[in-house]
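Take a look at the structure set out below.
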Amino acid sequence: MIRIEYATATEGFGSRQDHENVETQKHKPRWCAEHLPYPPVMVENPNPFYATLLMEDHAGRISEMSAITQYLYHHHLLNEHYPDLASLLECIALVEMTHMEMLAEAIIRLGGKPKFGAPCNQTISWWKGDRIYYGCGICDMLAADIQGEKDAISQYHRHLDAIDDKYVRAILARIIKDEKEHIRLLTEKFNKYCCKNKNK
């Protein structure tokens, strides 16, 4: 089950201090992310083209939206028999949600709108559930999750090459660090469950 944390009444929810605390903590790295602070979401200037590129990362075919839903599906299916792996997948999904939030904020600052789709031939290719890999077993799912992280890193690097905004580049570079950490952690689980029994 996904755990969502709420402020308690004793924390003064709604106060200015509470608002500042939320702003400070909302992008705090989780245990399955690279243990480095996230950069502030800023841009040098509005740039619709850069916004379009980030929309692909936000909710395109290879995107944070696709990663989140794939990890959650795998988390639910594997939770009963592989709770340690399910816990990791839950954590990674929450990290990807942080990435998605940062991208959405950057898209808005660049002058775009973080819709659940990516621009394609003067229109929007809307995100759909057939963009994730559902899989048919633990090893199949893990292999797909690892490949998904690699594909995401490749796309982020292509967008880094096309973007000349130091703030946006800092955001993408920091996201890449998390994706590399996810590959490391997922590979550990793959080696644990799949290397001894390829047919499991």
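The values are calculated or read from the model by the stated rules, or taken from the named source; none is laboratory data. Just so it is clear, the model here is predicted, and its values are computed rather than measured. Cβ sites come from the backbone with ideal geometry, for glycine too, and all protein chains shown count toward neighbours.
Of the residues Lys196, Lys189, Lys128, the single one that is basic (Lys, Arg), at pLDDT 95 or above, out of contact with any strand residue (DSSP E or B) (no Cβ under 8 Å at 6 or more places or on another chain) and farther than 27 Å from Glu44 by Cβ is Lys189. Among residues of region 141-154 being touching a residue at least 40 places away in the same chain (Cβ under 8 Å) and surrounded by fewer than 20 Cβ atoms within 10 Å (Cβ to Cβ), the one that is farthest from Leu185 (Cα to Cα) is Asp151.
Scanning region 126-140 for residues that are hydrophobic (A, V, I, L, M, F, W, C) and either surrounded by fewer than 18 Cβ atoms within 10 Å (Cβ to Cβ) or assigned to a helix (DSSP H, G or I) (or both) turns up Trp126, Cys136, Ile138, Cys139. For first residues located in region 128-140 and closer than 15 Å to Ala67 by Cα, partners that are assigned to a loop (DSSP other than H, G, I, E, B) and among the basic types (Lys, Arg) and lie 6+ apart or on another chain with Cβ distances below 6 Å form the pairs Arg131/Arg61. Scanning region 39-76 for residues that are crowded, with 18+ Cβ neighbours inside 10 Å and over 18 Å from the mean Cα position of the chain (by Cα) yields Val43, Asn47, Tyr50.
Residue count for region 50-84 under the criterion of being free of Cβ contacts under 8 Å to residues at least 12 places away in the same chain, part of a helix (DSSP H, G or I) and in contact with a helix residue (DSSP H, G or I) (Cβ under 9 Å, 6 or more places away or on another chain): the result is 1.
Which members of region 85-109 meet the condition of being in contact (Cβ under 8 Å) with a residue 60 or more places away in the chain, more than 26 Å from Cys139 (Cβ to Cβ) and among the β-branched types (Val, Ile, Thr)? Scanning region 85-109 gives a single hit, Thr98. Just so you know, in region 157-200 the residues that are of a type in the set (Asp, Glu) and more than 26 Å from Leu110 (Cβ to Cβ) include one that is surrounded by the most Cβ atoms within 10 Å (Cβ to Cβ), and it is Glu181. Here Pro114 fulfils each of the conditions (1) within 15 Å of the chain's Cα centre (by Cα); (2) in contact (Cβ under 8 Å) with a residue 40 or more places away in the chain; (3) part of a helix (DSSP H, G or I) apart from (3).
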